[in-house]
Structures are given as C-alpha cells and as structure tokens.
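Each value in this text was obtained by applying a stated rule to the coordinates, not by laboratory testing. What you are looking at is a predicted structure, and each value in this text was computed from that prediction instead of being measured. Cβ placement follows ideal geometry from the backbone for every residue including glycine, while neighbour counts extend to all protein chains displayed.
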Ligand code: AMP
C-alpha cells in the first residue's frame, strides 16, 4: 500500500497558469487518497503551491532540504516535517527511501534530474517503485520522445519504461502507481 508520494516540480511557476492549477489538483488528489507528500521542501514556485494545497486541505507534507538552500530562506516554514540534510545527494536518497512512488510535474533542470535519477535507480534494481509524469499542456511529450528514442536506438531496455506512467489527471496517475505497487 502506498503511504507517501514524492513529487518533483518546478521552483518556478512557468509561463502558464495551468501549471499551478495542476499543482493544486495534485495536492488535493494526494489528500483525497490519504497520501503524504514528500518533496524538496521549498516554498517557491510550483513546489510552494503544491505544499500549501496539501497543508490547507489537512494533509501532511514532508520536505527535505539541504542546509545551503535552507540558508537562502527558500524553505517552507509551515511543513508537517522539514528534514535538513547536508547535501543534495543525501536529500535525494532520503526522498527515495521515504517514498512509495515518484511523480514529476513541469519543472526545470532540478525536476528532470530528480525524476531521471529515480528511473535510473529503478533500472539498476535499487528500488522497485513506480514513477509518473503529470503531462500538463504536453510538457513531457519531448522527454517521452527522447526516452523512446533511447530504447529504439539500443541504449536502454524498453522495459525500463514499464514502471513509468504518463497521465494528465493526478488521481489517474496516483491510481496507476498504486496498482503497480499492488501488482
Ligand atoms: P527546478 O525544476 O530546476 O526548478 O528544480 C526543482 C526541483 O529541484 C525540486 O523538485 C526540488 O527538489 C529541487 N529544488 C530546486 N530549487 C529548490 C529550492 N529553492 N528549494 C527546494 N528545492 C529546490
């Protein structure tokens, strides 16, 4: 059974209101399914919108933030739990260990790096957990194209994408991850 879901998303709001709307929808969906949010611990961009929505709806949000980022005062002050760690690597390992599934929403380098590392760890057998991409306004279409190309050109087993779900509805994605974990 899934208890905690890690969401990677932008520390910016992006160029369309749909992204923040999707972050609110994801926050409500997590609370709806009684799932705790694990995320980067920031109060800015989509990260902040997501965490605020979870907390405003009575859910739990745990953040993991490296000391250096906390010092820049970008950490969210009102979280259920804020774990301050030494390095970005330690933070990611902690987020992986705490979480039963991983969702990426629109974001930049940090978001791409985080979800790709989680997929790499799954490919290496470090964890068996599912991942999902919330494809707001087709944001992840080019990434899916790149991933399929990597498989087509022999640089990645196609099965490495078996535990990756793509969807436009937060509830649908959470249910796909839940079914994956159960099956
Ligand atoms: P980006 O997509 O480049 O905006 O980076 C967002 C991702 O990187 C999030 O999922 C966070 O885990 C991490 N991150 C980047 N900036 C921050 C920040 N200011 N505070 C906390 N986490 C951050």
What angle, in degrees between 0 and 90 and rounded to the nearest 10, separates the Cα long axis of helix 141-152 from the longest principal axis of the Cα atoms of the chain? 40
By how many nm would the segment from residue 90 to residue 171 grow when fully extended, if each residue of separation counts as 0.36 nm and the alpha-carbon distance is taken off? 26.2 nm
GNM on the chain, C-alpha springs below 10 Å: top fluctuator among 42, 138, 14? 138
Above 16 angstrom, tally the Cα pairs of segment 51-126 and express them as a % of all pairs, no decimals. 58
Dividing the convex hull volume of the alpha carbon atoms of the chain by its residue count, what do you get in Å³ per residue? 105
Report the label-to-label distance for residue 153 and residue 56 in nanometres (one decimal), using points 7 Å from each Cα along the Cα→Cβ vector. 4.4
Taking only Cα atoms and a 10 Å spring cutoff, compute GNM fluctuations for the chain and point out the largest among 61, 150, 75. 150
Which angle from 0 to 90°, rounded to the nearest 10, does the C-alpha axis of helix 45-56 make with the longest principal axis of the chain? 70
Which value in nm describes the separation of the simple spin-label points at residue 109 and residue 145, placed 7 Å from the Cα toward the beta carbon? 2.3
Debye log10 I(q)/I(0) for segment 135-183, one point scatterer per Cα, at q = 0.14, 0.24, 0.26 Å⁻¹: -0.42, -0.93, -0.98
If you take every DSSP beta bridge fully contained in the chain, what fraction is antiparallel? Give it as a percent rounded to 5. 5
Rounded to the nearest 10 degrees, the helix 88-98 long axis (Cα) sits at an angle to the longest Cα principal axis of the chain of 80
Using alpha carbons only, what's the Rg to Rh ratio of segment 82-161 with Rh from Kirkwood? 0.98
Expressed as a fraction of 2.2 N^0.38 Å, the rule-of-thumb size for a compact globular protein of N residues, what is the C-alpha radius of gyration of segment 1-67? 1.02
So what is the orientation-averaged projected area of segment 98-137, using the convex hull of its C-alpha atoms, in nm²? 2.9
